[in-house]
Amino acid sequence: MRSTTSPHSDRPGRAAAPRTRGVKAAAAAALVALTLVLGACAPSIRIEAEFPATTVFTVRPQSSGVLLFVRVPASRPSGGIHVERSRGRTFHIPPGHYPPPGQCRVWNPDLPPGRQSKPGPCHRLERRVPPGSILIYG
């Protein structure tokens with residue numbers, strides 16, 4: 001039977017490495033110190049939303065005498081817009097489907113959000129709102 005010895009150990013059968021253990025401990029201590037120093041130097045930024053993520057605006061369409069329309073608030077609610085129509089009928093406009101600011105979108109309440117028409121110039125779309133649809137001003 002052969003016994004194993006280490007150049008750093010005077011006992012046969014034990015592979016001790018006191019130098020390695022000390023180097024590892026020093027490296028771990030240096031890493032912790034570096035993490036603390038860099039963590040203290042890192043800038044912290046706090047972003048506060050104007051509205052909570054679940055804010056939903058509930059609106060009733062306005063009438064211009066010719067068509068029904070809804071204006072997206074300047075705050076662009078992150079939870080969408082809930083539109084209440086006459087006789088209790090409602091529909092929801094998700095935030096990802098708002099028209100860009102300065103543009104409009106014709107919204108058909110009978111279609112899902114992904115099937116709605118594309119946004120476009122308001123002056124053109126104001127003349128193309130079919131009965132039962134609503135013009136959404138961005």
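C104 satisfies every condition listed in (1) within 19 Å of V56 (Cβ to Cβ); (2) in contact with a Phe, Trp or Tyr (Cβ under 6 Å, 6 or more places away or on another chain); (3) among the hydrophobic types (A, V, I, L, M, F, W, C) except (1). The residues listed here are P77, P18; of these, the one that is in contact with a His (Cβ under 7 Å, 6 or more places away or on another chain) and at pLDDT 55 or above is P18.
Condition first: at pLDDT 85 or above and loosely packed, with under 10 Cβ neighbours inside 10 Å. Can you find one or more residues in region 42-62 that meet it? No, the conditions are met nowhere in region 42-62.
Taking into account only those residues within region 83-138 that are assigned to a loop (DSSP other than H, G, I, E, B) and of a type in the set (A, V, I, L, M), which is farthest from R71 (Cα to Cα)? Out of the qualifying residues, it is L111. With respect to V83, is the statement that it is in contact (Cβ under 8 Å) with a residue 40 or more places away in the chain, closer than 16 Å to V56 by Cβ and touching a Gly at 6+ places or on another chain (Cβ under 6 Å) true? Against the criterion (in contact (Cβ under 8 Å) with a residue 40 or more places away in the chain, closer than 16 Å to V56 by Cβ and touching a Gly at 6+ places or on another chain (Cβ under 6 Å)), V83 does not qualify.
The values are calculated or read from the model by the stated rules, or taken from the named source; none is laboratory data. Quick caveat, the model's predicted, so the values are computed rather than measured. Every residue, glycine among them, receives a Cβ derived from its backbone with ideal geometry; neighbour counts consider all protein chains shown.
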